[in-house]
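Inspection log for the structure reproduced underneath, given as structure tokens.
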């Protein structure tokens with residue numbers, strides 16, 4: 001790839017197709033147009049194609065998964081032939097998902113400049129949620145890829161301040177920047193009337209890999225169902241059952257995403273209290289906030305930096321605290337309005353694409369201007 005006069009070229013190596021995975025869609029993918037306006041010509045090279053994405057997190061489909069993975073590796077071999085033609089390679093999470101760090105090392109050797117974008121604290125328990133459901137991944141995935149990319153990248157973009165501190169200690173250039181997850185607040189807009197004329201809807205959105213966090217609240221929802229009338233809306237890519245709870249399970253689609261989230265009155269963001277969570281970006285909380293929804297969240301990791309207890313949401317730790325917070329919000333629509341309106345204001349000011357865009361541009365410009373390059 002030869003850049004036109006005055007333009008820079010970028011190859012994005014990422015796991016998933018464009019526009020389908022929240023970790024990409026609500027992070028760097030939102031900024032492609034902004035980068036193009038800043039003079040970049042961008043080519044996107046996902047490991048997964050659309051066919052593999054459709055079955056990757058479904059049970060079974062072994063042959064389709066094997067064929068899709070083989071296609072992904074074939075594409076990566078071809079990508080290695082062109083990596084050196086670009087002014088900058090932007091790598092998210094990994095170059096290939098399995099095996100050794102061979103492709104990561106080859107990418108580093110061939111790339112003129114390398115920006116590595118990492119989410120979650122994979123250094124603590126690498127790909128924990130996926131590995132919990134797939135013993136093969138526990139065997140075939142290791143820390144070598146991640147550590148190598150963190151150490152050798154020209155710049156590392158991280159998903160939390162805690163993860164950023166860890167990466168600074170590893171990166172040879174000490175060039176690491178925390179950039180928050182962000183949302184398009186022109187698309188994610190409030191539509192809640194903050195009243196109790198209809199049944200109050202509690203909501204959670206996520207994927208199969210984060211279902212284990214939703215499961216943390218199973219006893220809370222079942223206890224709450226015996227004390228208050230509510231509906232639980234789950235938006236994801238998996239089936240779910242919860243005896244004794246008025247449950248609505250919706251399949252996530254980009255076309256329905258906004259409408260489905262606007263139908264929620266209270267967002268929930270449960271997390272385990274452990275070291276791994278310190279790498280979480282708080283994306284779910286930010287999504288709820290953009291819609292003007294009060295969010296109840298576990299007080300751990302980055303979340304207390306996003307949610308101020310009693311001001312733009314509620315922070316809890318124990319099951320009893322979860323139960324009390326949800327009862328309080330179900331009973332008090334005025335409180336939902338106060339917290340939700342402040343949450344929306346904070347989302348616009350701090351976590352909108354407009355607020356965050358300059359941080360990405362600064363990283364890309366610093367890499368292009370560095371003396372080494």
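Could we say that residue 115 is buried (at least 16 other Cβ atoms within 10 Å of the Cβ), in contact with a strand residue (DSSP E or B) (Cβ under 8 Å, 6 or more places away or on another chain), farther than 21 Å from residue 274 by Cα and at pLDDT 95 or above here? Taking the combined requirement at face value, the residue satisfies it.
Among the residues of the stretch 246-262, is any assigned to a loop (DSSP other than H, G, I, E, B) and farther than 24 Å from residue 185 by Cα? Within the stretch 246-262, one or more residues are assigned to a loop (DSSP other than H, G, I, E, B) and farther than 24 Å from residue 185 by Cα.
When the stretch 186-197 is filtered for residues that are over 19 Å from residue 258 (Cβ atoms) and without any contact (Cβ under 8 Å) to a residue 60 or more places away in the chain, only 197 remains. Please determine whether any residue of the stretch 46-65 is under 30 Å from residue 353 (Cβ atoms), in contact with a strand residue (DSSP E or B) (Cβ under 6 Å, 6 or more places away or on another chain) and surrounded by 18 or more Cβ atoms within 10 Å (Cβ to Cβ). Yes, the stretch 46-65 has at least one match. Listed by position, the helices (runs of 4 or more DSSP H) enclosed by the stretch 290-373 that each have at least 2 residues that are under 21 Å from the mean Cα position of the chain (by Cα) and modelled with pLDDT of 95 or more are 333-350, 353-369. Being over 14 Å from residue 180 (Cα atoms), surrounded by fewer than 17 Cβ atoms within 10 Å (Cβ to Cβ) and not assigned by TED's automatic domain parsing to the domain that holds residue 120: is that true of residue 316 here? It is false that residue 316 is over 14 Å from residue 180 (Cα atoms), surrounded by fewer than 17 Cβ atoms within 10 Å (Cβ to Cβ) and not assigned by TED's automatic domain parsing to the domain that holds residue 120.
The values are calculated or read from the model by the stated rules, or taken from the named source; none is laboratory data. Keep in mind the model is a prediction, meaning the values are calculated, not measured. Note that each Cβ is placed from the backbone with ideal geometry, even for glycine, and that neighbours are counted across all protein chains shown.
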